[in-house]
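The block underneath contains the structure these notes are about, expressed in structure tokens.
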Amino acid sequence: MRLPLVFAFLVALASAALGQSSDRPLQSLETGLQVQGWEGVGRIDIGRRGFCTGALISERLVLTAAHCLFDNDTGARYEDAEIVFRAGWRNGRAAAEGRVLRSVVHPRYDPNGGVESDNVSHDLALLELTHPIRNRGVTPFAVYAEPRGGDQVGVVSYGRGRAEAPSLQERCRVLERQRNGVLVMSCSVDFGSSGAPVFAISGGRAHIVSVVSAMGRGQVDGALQDISFGVSLGPRLDVLRAALDASDRRFIQAPTAQDNTPREMSAGGGARFLRP
């Protein structure tokens, strides 16, 4: 486990621009009524190694963070057959679940690049399920490019100490958008929240505007507090869809010892964050 680091660009967030805190606390969605409408968010189990969070964006596609697909110690990519998406997982049961046929990571994400800012900005992956999920009540979410600085957003996630039911933070804030597309947010996340969808509400409907990638600590409104980092979608998600459509094996299949195909990776640099 890496220790969280606080960096100047976080400390420099202007409290005047942020205004008074209006974040809502986490609410556990433990009953059928509470979870209604959020069943498209699920827990992603990777063998017996751990879990992340993901969300359906179509009947067969799950959006999550790229680093969830790699062993944290070795950088090796997990086999797709080891990964299961459990939609609406709650108290030992899923509303629907599916195994992964293929997965694709953004070509500029480097599994050995750590939590550099540029790597975080491309920490995005898609899972293609073996069969479409068409269960009643499990509805895929629409995706928008990104929120704007100062927008109120919400997050549905699983996490350490709350792995058996999703938790909703109905309202948190986008504090800043970095030039490389990293979103700095006040949303509460923990280990297991990686890949969690960040939602905005439009026309009474929730749509995904970002994916949780990392967490850290920063000075906000004169106090040191937990903050989270998300990935802008838009063109980044388009790249993933195109790789699936083209069956681009460089980014869909885990590399083997014989696969020496060069990959385009970010060079790193910038601030470091802590993986949730």
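The values are calculated or read from the model by the stated rules, or taken from the named source; none is laboratory data. Quick caveat, the model's predicted, so the values are computed rather than measured. Ideal geometry is used to build each Cβ from the backbone, glycine not excepted, and the neighbour counts take in all protein chains shown.
The table below gives the values:
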read-out	value
Residue list for the range 203-217, restricted to those being surrounded by fewer than 23 Cβ atoms within 10 Å (Cβ to Cβ) and over 18 Å from ARG171 (Cβ atoms)	GLY216, ARG217
Yes/no for ALA65 being over 18 Å from LEU244 (Cα atoms), at pLDDT 95 or above and touching a Leu at 6+ places or on another chain (Cβ under 8 Å)	no
Condition met for GLY137 (under 30 Å from LEU33 (Cβ atoms) and modelled with pLDDT under 95)	yes
When residues of the range 188-228 are limited to those that are part of a loop (DSSP other than H, G, I, E, B), out of contact with any Leu (no Cβ under 7 Å at 6 or more places or on another chain) and polar (S, T, N, Q), the one farthest from ASN119 (Cα to Cα)	SER193
Only one of VAL184, VAL105, VAL156 that is in contact with a strand residue (DSSP E or B) (Cβ under 7 Å, 6 or more places away or on another chain) and closer than 21 Å to ARG241 by Cβ	VAL105
Matching option when the condition is under 15 Å from LEU233 (Cα atoms) and out of contact with any Gly (no Cβ under 7 Å at 6 or more places or on another chain), among ALA214, ALA145, ALA200, ALA165	ALA200
Selection status of GLU39, in contact (Cβ under 8 Å) with a residue 24 or more places away in the chain, more than 14 Å from the chain's Cα centre (by Cα) and surrounded by 20 or more Cβ atoms within 10 Å (Cβ to Cβ)	yes
Pick from the range 242-276, criterion at pLDDT 90 or above and touching a strand residue (DSSP E or B) at 6+ places or on another chain (Cβ under 7 Å), ranking: surrounded by the most Cβ atoms within 10 Å (Cβ to Cβ)	ALA243
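Conditions tested, residue by residue: (1) without any contact (Cβ under 8 Å) to a residue 24 or more places away in the chain; (2) of a type in the set (Asp, Glu); (3) part of a loop (DSSP other than H, G, I, E, B).
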position	(1), (2), (3)
ARG148	no, no, yes
ALA165	no, no, no
GLU170	no, yes, no
LEU175	no, no, no
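Residues checked against (1) among the β-branched types (Val, Ile, Thr); (2) buried (at least 20 other Cβ atoms within 10 Å of the Cβ); (3) without any contact (Cβ under 8 Å) to a residue 24 or more places away in the chain; (4) closer than 21 Å to PHE191 by Cα:
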position: ALA65; (1), (2), (3), (4): no, yes, no, yes
position: ARG77; (1), (2), (3), (4): no, no, no, yes
position: ARG90; (1), (2), (3), (4): no, yes, no, yes
position: GLU97; (1), (2), (3), (4): no, no, no, no
position: VAL105; (1), (2), (3), (4): yes, yes, no, yes
position: TYR109; (1), (2), (3), (4): no, yes, no, yes
